[in-house]
Ligand SMILES: Nc1nc2c(c(=O)[nH]1)N[C@H]1C(S)=C(S)[C@@H](COP(=O)(O)OP(=O)(O)OC[C@H]3O[C@@H](n4cnc5c(=O)[nH]c(N)nc54)[C@H](O)[C@@H]3O)O[C@H]1N2
Ligand SMILES: Nc1nc2c(c(=O)[nH]1)N[C@H]1C(S)=C(S)[C@@H](COP(=O)(O)OP(=O)(O)OC[C@H]3O[C@@H](n4cnc5c(=O)[nH]c(N)nc54)[C@H](O)[C@@H]3O)O[C@H]1N2
Ligand SMILES: [Mo]
């Protein structure tokens, strides 16, 4: 059976699923740009976490937990539960558990409650999206195959070996065919292995680098090139290399997702966009496009909206009677974990998920769904041009089935449509339109800039029990560690304005100075990284500053 993985991953793996005597067997399918089909290392984690994992729906009433192993009963009880909140104040949010189209039926369902608020902004790709919309009017990637025309490919913090393993395989192939790869990142990640040249850069400085390159080519003026270069921490030899590679033309620019999660993230994309446009590489400029861009959206309007940086605060202030959380784990993945804990403790909570999470630990009602394996759906890749459709694979209840069953009980309207019935959307082309562009400098502060990164073995907070072991670490530059008397293996405490976490130090030369990095969204030895990160919007106003906030590092 044809299947695909709808996780929050730019690749969109096509998968062949076979039913076997003891479960399912999965294998990758070929792509035009990737002759060797493979499923990434995380896929088996998803299957184990989600397919018949023994978890059922449950409800807590007066501190007593009742399980509902039968789906019919679970839906009936959930309808009763929701009926109590019919005219009350509800806050609904949906996360990135599955990025396929049919998850929208939860939006369709909850938007029909008269006093239900939705959310705006988000923690993922919003800042970069805003930059592309502003510059080009659209959020669109050129075909991946344009990379074949490139002589040089520059990756700006795109840790493809981890976050986009199929692109990584493609880049390896490109390299074999003679393309030069330059990788720019404050952290010497796994992707630096395929780079002909790894360039270390200070965090939040990619826009400054792009501006300096434009000035050096005489395509921009009014900035002091030397002071810009020195801010970035890029050596003059590396700067000259970039200059000559870009000036020679046929240079592709691939913008990673990390650079947007800084206070000046939108500005950084806009400067790289400008660099690509002004040096004739617009058709080789890559960031991302929406996984649902090919289809028209189902119309949903909520009574009002809470912006992404205010969700936890609204719950902690007691502004809502019910919090509905579908396919997200904000108690782990959103900033200010301590505020989230207060908000979730104060507000009745409904969680719709495939598994237990730090957020469901606070739930009053938990609906267990079968996740992507039980959901007939369709979706486009958010990096590549392709899209896929799939049938339901397992017989567990899916999100759209649950939403439709609940709607029928509560007298609401939901009509789940097959892909063929959803009107397609016309794609527009990029048209560069930004005239003047200010340059936004990195924020100054005391202490270390905290980066938090994806790990190849898990996706966001979706881990199996025990997977956090060995990954509760913080990487620190050897010279900084020496000054603080920290050695590899020492326990350290990382403290931000809102709290902190405990992790084991890894002393390395593979991270720039005054910067530390921990793996994102896993339980640390104590607390989690997002305890140390406060709610703060990027310069786009729609994304969160998840990287580059200043923290204190102490040996304990
Ligand atoms: N294995 C795995 N894959 C994943 C995920 C996962 O959790 N695990 N997450 C998925 C999700 S949700 C998303 S949104 C995507 C993208 O997921 P991301 O993890 O955002 O992917 P990248 O585009 O590789 O961007 C991260 C890189 O940016 C670097 N970086 C940070 N700040 C800067 C900076 O200022 N300048 C430069 N040049 N680099 C910087 C980091 O050091 C890191 O190497 O991938 C998805 N893929
Ligand atoms: N410090 C820091 N914080 C970050 C990031 C970072 O780099 N650093 N990355 C940010 C990014 S890019 C993102 S996208 C967010 C992700 O944050 P979230 O959207 O919270 O993502 P997950 O942790 O994957 O949680 C998704 C939940 O959905 C469940 N799920 C999976 N499939 C399905 C399904 O089909 N149906 C339902 N109902 N549930 C399902 C999973 O079990 C999981 O509990 O985190 C952000 N937070
Ligand atoms: Mo994401």
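Suppose we filter 195, 169, 150 for residues that are at pLDDT below 95, away from ligand 2 (no atom under 16 Å from the Cβ) and touching a strand residue (DSSP E or B) at 6+ places or on another chain (Cβ under 7 Å); which single one remains?
Values: 195 fails: at pLDDT below 95; 150 fails: at pLDDT below 95.
Going through 195, 169, 150 in turn, the sole match is 169.
Being under 30 Å from residue 424 (Cβ atoms), within 16 Å of ligand 1 (Cβ to nearest atom) and outside the structural domain of residue 203 (by TED's automatic domain parsing) is the requirement here; does residue 252 meet it?
Numbers: under 30 Å from residue 424 (Cβ atoms): yes; within 16 Å of ligand 1 (Cβ to nearest atom): yes; outside the structural domain of residue 203 (by TED's automatic domain parsing): no.
For residue 252, the condition - under 30 Å from residue 424 (Cβ atoms), within 16 Å of ligand 1 (Cβ to nearest atom) and outside the structural domain of residue 203 (by TED's automatic domain parsing) - is not met.
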Query raised in the report: What is the residue count in the range 97-122 for residues that are under 16 Å from residue 334 (Cβ atoms) and either crowded, with 21+ Cβ neighbours inside 10 Å or modelled with pLDDT under 95 (or both)?
Result: 2
**Report entry** Identity of the residue in the range 168-207, within 7 Å of ligand 1 (Cβ to nearest atom) and in a strand (DSSP E or B), that ends up surrounded by the fewest Cβ atoms within 10 Å (Cβ to Cβ)
**Finding:** 187
Query raised in the report: In the range 434-451, what count of residues is obtained for those that are farther than 21 Å from residue 232 by Cβ and touching a helix residue (DSSP H, G or I) at 6+ places or on another chain (Cβ under 7 Å)?
Result: 1
**Report entry** Residues being touching a strand residue (DSSP E or B) at 6+ places or on another chain (Cβ under 8 Å) and assigned to a helix (DSSP H, G or I) - total across the range 307-365
**Finding:** 10
Report task. Starting from the range 42-63, take each residue that is free of Cβ contacts under 8 Å to residues at least 60 places away in the same chain and list its partners that are not in a strand (DSSP E or B), counting only C-beta distances under 7 angstrom and pairs at least six apart or across chains. Result -> 43/5
Requested in this report: Quickly run through the range 34-52 and pick out the residues that are more than 16 Å from ligand 3 (Cβ to nearest atom), in a loop (DSSP other than H, G, I, E, B) and surrounded by 19 or more Cβ atoms within 10 Å (Cβ to Cβ).
Outcome: 39
Query raised in the report: Could you say which residue among 225, 259 is surrounded by 24 or more Cβ atoms within 10 Å (Cβ to Cβ), in contact with a helix residue (DSSP H, G or I) (Cβ under 6 Å, 6 or more places away or on another chain) and modelled with pLDDT of 95 or more?
Result: 259
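Within the range 467-479, identify whether any single residue is in a loop (DSSP other than H, G, I, E, B) and buried (at least 21 other Cβ atoms within 10 Å of the Cβ), and answer yes or no. Give the steps one after another, and end with the answer.
Going residue by residue through the range 467-479, those that are in a loop (DSSP other than H, G, I, E, B) are 467-472.
Subset that is buried (at least 21 other Cβ atoms within 10 Å of the Cβ): none.
No.
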Requested in this report: Check the range 319-339 and report whether any residue there is under 20 Å from the mean Cα position of the chain (by Cα), surrounded by fewer than 19 Cβ atoms within 10 Å (Cβ to Cβ) and either in the same structural domain as residue 115 (by TED's automatic domain parsing) or farther than 30 Å from residue 154 by Cα (or both).
Outcome: no
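This table checks each residue for (1) under 20 Å from the mean Cα position of the chain (by Cα); (2) surrounded by 17 or more Cβ atoms within 10 Å (Cβ to Cβ); (3) within 16 Å of ligand 2 (Cβ to nearest atom).
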| residue | (1), (2), (3) |
| --- | --- |
| 452 | yes, yes, yes |
| 455 | yes, yes, yes |
| 459 | yes, yes, yes |
| 462 | yes, yes, yes |
| 465 | no, no, yes |
| 486 | no, yes, no |
| 493 | no, yes, no |
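Do you know which residues across the range 517-541 are part of a loop (DSSP other than H, G, I, E, B) and more than 17 Å from residue 492 (Cα to Cα)?
Residues of the range 517-541 part of a loop (DSSP other than H, G, I, E, B): 520-525, 527-528, 532-536, 538-541.
Residues satisfying the conditions are 521, 534, 535, 536, 538, 539, 540, 541.
The values are calculated or read from the model by the stated rules, or taken from the named source; none is laboratory data. Fair warning: this is a prediction, and the values are worked out from it, not measured in the lab. Glycine also receives a Cβ, built like all others from the backbone with ideal geometry; neighbour counts cover every protein chain displayed.
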